[in-house]
Amino acid sequence: VQLQASGGGLVQAGGSLRLSCAASGRTLSSHAVAWFRQGSGKERDFVAAIRRSGHTYIADFGKGRFTISRDNAKNTVYLQMNSLNSDDTAVYYCAAGERTILSTIRTARAYDYWGQGTLVTVSS
């Protein structure tokens with residue numbers, strides 16, 4: 001699976017962005033797909049995931065603000081981010097896993113394929 005992340009950019013605090021993770025080579029609906037982010041000098045953190053079943057998981061910092069969804073017809077997963085703040089500034093990566101299980105869905109090592117990342121910058 002080749003993943004292409006897009007949609008990042010510069011946004012003011014309180015604004016919104018929608019990130020896209022487009023796949024080629026394989027069908028994303030047969031994979032668990034997640035978003036991770038990495039701020040400058042920080043660890044790579046789990047943001048959100050969607051399982052093959054459609055169940056979604058959001059990190060605590062994103063609850064009420066972030067939504068993950070998939071469009072199987074477009075072979076794309078989206079991350080809608082609202083009420084952004086400066087802490088959300090990071091490079092956002094999408095990842096897909098073939099055998100990702102619930103107990104590891106929030107861990108990077110559970111995913112087999114990674115996109116190149118898209119930079120989100122939130123100005124205060």
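The values are calculated or read from the model by the stated rules, or taken from the named source; none is laboratory data. Keep in mind that this is a model prediction, so the values were computed, not measured. Cβ: placed from backbone, ideal geometry, glycine included. Neighbour counts: every protein chain shown. Remember, those area values only see protein heavy atoms, side chains included, never the ligands or the DNA or RNA. Shrake-Rupley method; radii C 1.70, N 1.55, O 1.52, S 1.80 Å.
For the reader, a short list of remarks on this structure follows.
- Amide hydrogen proximity for Glu98: with H placed 1.01 Å from N in the peptide plane, the residues at 5 or more positions away or on another chain lying under 5 Å are Asp112.
- The mean sequence distance of close C-alpha pairs (under 8 Å, at least 6 residues apart), as a share of the length of segment 1-75, puts its relative contact order at 24 percent.
- Calculated accessible area for the chain comes out at 50 Å² per residue, all protein chains present (probe 1.4 Å; ligands, DNA, RNA ignored).
- Values of log10 I(q)/I(0), in the order q = 0.12, 0.21, 0.26 Å⁻¹, for segment 5-87 under a Debye, Cα-only, solvent-free model: -0.35, -1.02, -1.39
- The trypsin sites (Lys or Arg not before Pro) of segment 81-124 meeting both criteria, a DSSP state outside H, G, I, E and B (loop) and at most 13 other C-beta atoms within 10 angstrom of the site's C-beta, are Arg99.
- Fraction of accessible area attributable to carbon and sulfur, the chain (%, probe 1.4 Å): 45 percent
- Trypsin sites (Lys or Arg not before Pro) within segment 23-56: DSSP coil, no more than 16 neighbouring Cβ in 10 Å: Arg26, Lys42, Arg52
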